[in-house]
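The values are calculated or read from the model by the stated rules, or taken from the named source; none is laboratory data. Please read these numbers as outputs of a predicted model, since none were measured by experiment. Heads up, the Cβs are rebuilt from the backbone with ideal geometry, glycines too, and the neighbour counts pull from every protein chain shown. Accessible surface is based on the protein model in full, side chains and every heavy atom, while ligands, DNA and RNA are left aside. Shrake-Rupley method; radii C 1.70, N 1.55, O 1.52, S 1.80 Å.
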Amino acid sequence: MAGDAPDGDAAAERRQLTVRALARVEGEGRLDVAVRNGSVESAQLNIYEPPRFFEAFLRGRDFREPPDLTSRICGICPVAYQVSACNALEQACGASVDRRVVELRRLLYCGEWIASHALHIYFLHAPDFLGAPDSVALARSQRGAVERGLALKKAGNAILETVGGRPIHPVNVRVGGFYRAPTRTDLAPLAETLRRALDDAIETVRWVAGFEFPDVRLESTLMALHHPERYAIEDGDIRTSGGGGFPVADFDDHVVEYHVPHSTALHARLDGERYLTGPLARYTLHHEQLSATAREAATAAGLDTECRNPFRSIVVRAVEVVYAVDEALRLIEAYERPEPPATPVTARAAVGRGVSEAPRGLLYHRYHLAANGLIESANIVPPTAQNQDAIEADLADRIGEHLDLDDAALTALCERTIRNHDPCISCATHFLDLRVVRR
């Protein structure tokens, strides 16, 4: 890293950054901006965490292990990794999963959406709009709001613990279903918690709708899962904002990952173009499939049928919390305990592909299985890898519009721009250093 230092001051900055990376295992990144003759020459988000080699870890492992192994990739959205892995492996093995298992997975996933979105809205994103440096400072001025965020996070965690066995890295998910399915009696306390959470979720939409938003528009292609019967979460085929779409089996024909010198995270292109997955894509493509309560909240918040303003993504996430709570209540009301809790799955030599909608966007898994059930190869494409190119383009646009700001103000704007997209590095509060080279 020292080799790209243009001067002594920049080298000192990098050294400080390296120290901070050691203190924060996850969520560290740097932004390098080059401005030439008053124009943005480059805006690079440098994710420099070491590669984690999960795909390599999976080679030679039994086909039943990925749901548990890959869930360790992320402590915020482990269910997304479990469900995408199960979808891929069950497809490879030709297994048809019980409808009641699918519904239970969706309930578990709703818990993750509630917990993850509440975390981002209240503790990572809202301080940007309210002039607070962090959620601790925000709690001093808006204690009631922060307590509401904690209550929502707790409600999401309660679903994860009841259905998944524990709130962080659930252990109850397996290929074919669950190790144990909860009874209706087990779920009854959840319904009580969620009825209170629905009021908090609706109030959250009202709260964030009152923030001030810059008038910006992101032009990247949007991509999200589509399900013919409901707002896609745990499965679906793929749709894009250009009116196209393709089955999951064709994902590798359309989405190509590639390395860039400045980041250990891969970038990705959709048919050669930058694109964005996540809440803005889901809402813009499928808002009509939200529940009536969520649609009413969106309308009251001033959301149109399309939302391409990344700053307003906080409103879309709040609407998705309303939907996830509403959907969880519906699933609990209609719950039929799957018996047995899992469908037997027999391995075969095949390739399986699976997707689901993590809180931050579409998550893709692909596995090549040998006849004995061992994994020959694996590929995992997380949302942040897919979004990183679009995030950098968004950064370049915002910087170009505000070159009159001093470095401190421009740094703050860049951090806000990054947080708008809730990347997987969002667990870090101060994750970004800005180095502007003005030529």
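List of remarks:
- Rounded accessible area of Tyr275 (nearest 10 Å², 1.4 Å probe): 0 Å²
- Rounded to 10°, Cα long-axis angle of helix 99-118 versus longest principal axis of the chain: 20 degrees
- Most to least accessible of Ile76, Ile399 (protein chains only, probe 1.4 Å): Ile76, Ile399
- For the chain, adding -39500 (n - 2.57) for each run of n ≥ 4 DSSP H residues and dividing by the number of residues yields -14500 deg cm²/dmol at 222 nm.
- Subtracting the Cα-Cα distance of Asn37 and Arg217 from their residue separation scaled by 0.36 nm leaves 62.3 nm.
- Principal-axis tilt of helix 407-420 within the chain, Cα atoms, nearest 10 degrees: 10 degrees
- Loop-resident sites, the stretch 159-233, for GluC sites (Glu not before Pro), counting at most 14 other Cβ within 10 Å (DSSP): Glu212, Glu219, Glu229
- Cα-based helix-to-principal-axis angle, 383-401 vs the chain, degrees rounded to 10: 30 degrees
- The chain, relative contact order in percent, only Cα pairs under 8 angstrom and at least six apart counted: 27 percent
- Solvent-accessible area of Leu107, all protein chains in place: 0 Å² (probe radius 1.4 Å, heavy atoms, ligands and nucleic acids excluded).
- Phe57 accessible area, assembled protein chains, probe 1.4 Å, Å²: 120 Å²
- Cα-centred dipole magnitude for the chain, charges only on beta-carbon of K, R (+1) and D, E (-1), debye, nearest 20: 1020 debye
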